[in-house]
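**Student:** Have a look at this one before I ask anything.
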Amino acid sequence: MAPLLLQLAVLGAALAAAVVVLISIVAFTTATKMPALHRHEEEKFFLNAKGQKETLPSIWDSPTKQLSVVVPSYNEEKRLPVMMDEALSYLEKRQKRDPAFTYEVIVVDDGSKDQTSKVAFKYCQKYGSDKVRVITLVKNRGKGGAIRMGIFSSRGEKILMADADGATKFPDVEKLEKGLNDLQPWPNQMAIACGSRAHLEKESIAQRSYFRTLLMYGFHFLVWFLCVKGIRDTQCGFKLFTREAASRTFSSLHVERWAFDVELLYIAQFFKIPIAEIAVNWTEIEGSKLVPFWSWLQMGKDLLFIRLRYLTGAWRLEQTRKMN
């Protein structure tokens, strides 16, 4: 009996090793060597309040605003106005209190099939194209790809990514700013402050099914085990970057869909960019585009492939490079 159990254990270990090798080969051979930084001709311009084309700036230009807000939007014609009203109300009041404060909001329409661009453009007409700009992508790139396009067209010393659903209360940007400042001195002017919902975890567990709770813990474990240490909530869509940190991390980003946040923080930790995790107010908004089981499964696969592609050398982290 003992020899049989030993043989089964050896066979099991051999099969597991073969599976790991096979997955590693698939991850390596299917990897895109470097992120696609191409911008279509139509994506090099934005429409000003009069409907005239103007050339977009570049992340590699000197900043001319204190804060850029990048809002990735895919089929968000219904949820976007609530977020924009809150954000612009806060930003305008802050500017009245402090006339030296300057900002811009960049809405990136990620190839929407509804009227997202049209809805966003109304804010450009109301507030002016110096404060609100709309970038309409030719085709859907994914949330990470949309944010990158907005960041590469921003003018801010600090750059905030914020979800179009308005789940995070916008004034919490001040908490992130404080968290960012507390990290000083910034190495090479790079630092990141991540909004976090980890403090709400107990409450959310009470409202979730056991299955979704299991999926959540499984995802957290994979993030910690494979990619990012020390950050409890990698997926909150409310993150603040110094201009230099945004340039460095997004220039190296490969994953453009749901797991992009994890790779982004993996890159940041590789470059030793200091990261603060800051508790923010957050409310679940109806209309999420995540399908719980399949989205978690896809993200789990992405996490494994992120790790394997860096381990096998299919992906390498290099110095920042400019977009065409």
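**Student:** Here are some residues: GLU76, GLU86. Which one is in a helix (DSSP H, G or I) and either modelled with pLDDT of 95 or more or out of contact with any Phe, Trp or Tyr (no Cβ under 8 Å at 6 or more places or on another chain) (or both)?
**Tutor:** Unique residue meeting the criteria: GLU86.
**Student:** Quick one: what pairs do we get from segment 57-86, first residue polar (S, T, N, Q), second open to solvent by 60 Å² or more (accessible area, probe 1.4 Å), C-beta under 7 Å, 6+ apart or different chains?
**Tutor:** Listed pairs, sorted by first residue: GLN66/GLU157; ASN75/LYS113.
**Student:** Then there's this: Read through the list (1) touching a helix residue (DSSP H, G or I) at 6+ places or on another chain (Cβ under 7 Å); (2) under 24 Å from PHE270 (Cα atoms), then give the number of the only condition that THR116 fails.
**Tutor:** Unmet for THR116, out of (1) touching a helix residue (DSSP H, G or I) at 6+ places or on another chain (Cβ under 7 Å); (2) under 24 Å from PHE270 (Cα atoms): (2).
**Student:** On to the next question. In segment 125-151, what count of residues is obtained for those that are crowded, with 22+ Cβ neighbours inside 10 Å and more than 14 Å from LYS65 (Cα to Cα)?
**Tutor:** 11
**Student:** Then there's this: Can you find a residue in segment 301-315 that is under 17 Å from the mean Cα position of the chain (by Cα), open to solvent by less than 30 Å² (accessible area, probe 1.4 Å), modelled with pLDDT of 95 or more and not aromatic (Phe, Trp, Tyr)?
**Tutor:** No - not one qualifying residue is present in segment 301-315.
**Student:** Scan segment 120-145 for residues that are in contact with a Phe, Trp or Tyr (Cβ under 7 Å, 6 or more places away or on another chain) and assigned to a helix (DSSP H, G or I) and report the count.
**Tutor:** The total comes to 2.
**Student:** Only one of these is part of a loop (DSSP other than H, G, I, E, B), under 21 Å from ASP85 (Cβ atoms) and modelled with pLDDT of 95 or more: SER112, SER117. Name it.
**Tutor:** Being part of a loop (DSSP other than H, G, I, E, B), under 21 Å from ASP85 (Cβ atoms) and modelled with pLDDT of 95 or more holds for just one of SER112, SER117, which is SER112.
**Student:** Among the listed residues PHE46, PHE121, PHE101, which satisfies the condition of being closer than 13 Å to SER153 by Cα and open to solvent by less than 70 Å² (accessible area, probe 1.4 Å)?
**Tutor:** One residue alone meets the criteria, PHE46.
**Student:** Right, another one. Tell me, which residue of segment 267-297 that is at pLDDT 80 or above and within 20 Å of GLY144 (Cα to Cα) is surrounded by the fewest Cβ atoms within 10 Å (Cβ to Cβ)?
**Tutor:** Among those that are at pLDDT 80 or above and within 20 Å of GLY144 (Cα to Cα), it is PHE270.
**Student:** Select from segment 152-171 the residues that are open to solvent by less than 10 Å² (accessible area, probe 1.4 Å) and either of a type outside the set (Phe, Trp, Tyr) or part of a loop (DSSP other than H, G, I, E, B) (or both) and list them in ascending order.
**Tutor:** Within segment 152-171, PHE152, SER153, SER154, GLY156, ILE159, LEU160, MET161, ALA162, ALA164, ALA167 meet the criteria.
**Student:** Another question, if that's okay. With the checklist (1) at pLDDT below 95; (2) at negative phi in hand, flag the one item PHE101 doesn't pass.
**Tutor:** Condition (1) is where PHE101 drops out.
**Student:** Residues to consider are VAL262, VAL255; find the one that is over 16 Å from GLU318 (Cβ atoms), in a loop (DSSP other than H, G, I, E, B) and in contact (Cβ under 8 Å) with a residue 40 or more places away in the chain.
**Tutor:** Going through VAL262, VAL255 in turn, the sole match is VAL255.
The values are calculated or read from the model by the stated rules, or taken from the named source; none is laboratory data. What you see is a predicted model; the values in this text were computed from it and never measured. Quick reminder, even Gly has a Cβ in these numbers, built from the backbone with ideal geometry, and neighbours come from all protein chains shown. Just the protein is used for accessible areas: all its heavy atoms, side chains included, with ligands, DNA and RNA removed. Shrake-Rupley method; radii C 1.70, N 1.55, O 1.52, S 1.80 Å.
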